[in-house]
1. Evaluate the stretch 256-271: report whether one residue or more is at pLDDT 95 or above and farther than 30 Å from Gln194 by Cβ.
2. Does the stretch 413-423 include one or more residues that are open to solvent by 20 Å² or more (accessible area, probe 1.4 Å) and either free of Cβ contacts under 8 Å to residues at least 40 places away in the same chain or in a helix (DSSP H, G or I) (or both)?
3. What's the number of the only condition in (1) more than 14 Å from the ligand (Cβ to nearest atom); (2) assigned to a loop (DSSP other than H, G, I, E, B); (3) aliphatic (A, V, I, L, M) that Ile196 fails to meet?
4. Give just the number: which of (1) in contact with a strand residue (DSSP E or B) (Cβ under 8 Å, 6 or more places away or on another chain); (2) crowded, with 16+ Cβ neighbours inside 10 Å; (3) of a type outside the set (Gly, Ala, Ser); (4) assigned to a loop (DSSP other than H, G, I, E, B) does Arg438 not satisfy?
5. I need the full set of residues from the stretch 40-68 which are assigned to a helix (DSSP H, G or I) and out of contact with any helix residue (DSSP H, G or I) (no Cβ under 8 Å at 6 or more places or on another chain), in order please.
6. Taking the stretch 223-254, which residues are within 17 Å of the chain's Cα centre (by Cα) and open to solvent by 10 Å² or more (accessible area, probe 1.4 Å)?
Amino acid sequence: MLSNSLIELDRAHLVHPVASYRGHERLGVRVLKSAKGATVTDMSGHQMIDGFAGLWCVNAGYGHESIVEAAAKQMRELPYATGYFSLGSEAAIRLASELADRAPGDLTHIYFTLGGSDAVDSTVRFIRYYYHSLGTPQKDQFISLEQGYHGSSTVGAGLTALPIFHAGFGLPFDWQHKIPSHYAYRNPVGTDPQAIIASSVAALRAKIEEIGAERVAAFYVEPIQGSGGVLVPPKGWLKAMHEVCKEYDVLLVADEVITGFGRTGPLFACSEDDVVPDFMTTAKGLTSGYVPMGAVFMSDRVYNVIADGAGAAAIGHGYTYSAHPVSAAVGLEVLRLYENGLLENGIKAGARLMAGLHSLADHPLVGDVRGRGMLAAIELVTDKQKKTPLPAAADPSRRIFDRAWDNGLVIRAFGNGVLGYAPPLCCTESEIDAIIERTRMALDQTLEDPDVRAAMA
Ligand SMILES: Cc1ncc(COP(=O)(O)O)c(C=O)c1O
């Protein structure tokens, strides 16, 4: 059978991202064949609602002919143009300009990448260059949050604070520091928003003073921590952290790779917090995953320091595929779709999603429900009082994922029993309701899991 031979070819040749290679060889690949709207279909014809929009990226949903047309038109006309040698393409220039128009504050200079990891990596280079230009190259220490994710590049993976990205890779570097996450459900100071903000502010202050403000270059933060388990800070948290950065002359990088482009409601989540960072990194929803692209937004102030610092010399940072015209053409069309109904629909669907997930709160396994817009999670526990995580023996990331899959739903099942949701913004009311219903089924099935029952006994 075709699917069997594909599974063998995959096993033999395709190295999968963030996978146990041996575990994957044993399980084999599941091949997705087609998709439309919020529905994906696998090789066997099994249909599922994609409650995770691929990898929280297909914000517009699948199958938009206008996006396909925009890419095809650009490919016919000009499939590639370099940005080196002061060359360019109309699509990339227009996309940069449209993004700058919509960006918070003075984040009006756009450097295009191929995705999120190289966007984060680029900011580290720009920030180093910025301080060299200012004559303070000793400001070379970077701070980020525990449970944070900032991609998988050699340098960015050290800003990331998830253990598997460090172990075996010699990371983090000694100039990469961490402070605790706001993680409200498990914060030692409790759930009071003001206490959480005060504790994070104190931790950032203490870390900067421990390193010495004259050494600290930047603080990296996701407006909502995604890969760490969809951890939503209290309202006012980001602004309070920004104030500390300003006080100590530390640059703020808002990593909006997941939260950008309507995922939490508006185009950019930091605008909800009334924060204008010095850099913003984006990817994923920028092209809705139809083609690869990321973008670094740089403030006017930082841009001018770098530009003046270099003078007539070239700034040695660039990629062959930076500002790729086909990706830019897709980005322009995706942006048009967002603003012609998708953002609006996402806000309505997000409210329904959150209400639906909250309706699961009385399920015996649900310890916490959190999220904003179309970015949400439920955290499962075997004891609500003690907040006991699901036992590792119950293999939550595999078994709950499988149960949801069989029920016709794709979710992100984290290893610690957190279930992540990031559906396409195009979801209808009945699709959102189906996400909730199929989740409830998966929860009931998990309650019957012998390893979960043993932990609850
Ligand atoms: C906040 C954040 N930053 C960076 C990245 C890395 O992006 P990419 O996987 O496109 O390299 C991700 C990916 O999930 C992310 O969530």
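The values are calculated or read from the model by the stated rules, or taken from the named source; none is laboratory data. Computed from a predicted model, the values in this text were never measured in an experiment. Glycine also receives a Cβ, built like all others from the backbone with ideal geometry; neighbour counts cover every protein chain displayed. The area values use the complete protein model at the heavy-atom level, side chains included, leaving out ligands, DNA and RNA. Shrake-Rupley method; radii C 1.70, N 1.55, O 1.52, S 1.80 Å.
1. Within the stretch 256-271 (the criterion being at pLDDT 95 or above and farther than 30 Å from Gln194 by Cβ), the answer is yes, since at least one residue qualifies.
2. There is at least one residue in the stretch 413-423 that is open to solvent by 20 Å² or more (accessible area, probe 1.4 Å) and either free of Cβ contacts under 8 Å to residues at least 40 places away in the same chain or in a helix (DSSP H, G or I) (or both).
3. (2)
4. Going through (1) in contact with a strand residue (DSSP E or B) (Cβ under 8 Å, 6 or more places away or on another chain); (2) crowded, with 16+ Cβ neighbours inside 10 Å; (3) of a type outside the set (Gly, Ala, Ser); (4) assigned to a loop (DSSP other than H, G, I, E, B) one by one, Arg438 breaks only (4).
5. Of everything in the stretch 40-68, those that are assigned to a helix (DSSP H, G or I) and out of contact with any helix residue (DSSP H, G or I) (no Cβ under 8 Å at 6 or more places or on another chain) turn out to be Ala53, Gly54, Glu65, Val68.
6. Ser227, Gly228, Val232, Pro233
Residues are listed down the side, and each one gets a yes or a no for (1) at pLDDT 95 or above; (2) surrounded by fewer than 20 Cβ atoms within 10 Å (Cβ to Cβ); (3) more than 16 Å from the ligand (Cβ to nearest atom); (4) hydroxyl-bearing (Ser, Thr, Tyr):
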| site | (1), (2), (3), (4) |
| --- | --- |
| Leu87 | yes, yes, yes, no |
| Ala92 | yes, no, yes, no |
| Ala100 | yes, yes, yes, no |
| Thr108 | yes, yes, yes, yes |
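Residues checked against (1) surrounded by fewer than 16 Cβ atoms within 10 Å (Cβ to Cβ); (2) at pLDDT below 95; (3) closer than 23 Å to Leu425 by Cβ; (4) of a type in the set (Lys, Arg):
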{"residue": "Phe297", "(1), (2), (3), (4)": "no, no, yes, no"}
{"residue": "Ala307", "(1), (2), (3), (4)": "yes, no, no, no"}
{"residue": "Tyr319", "(1), (2), (3), (4)": "no, no, no, no"}
{"residue": "Gly331", "(1), (2), (3), (4)": "no, no, yes, no"}
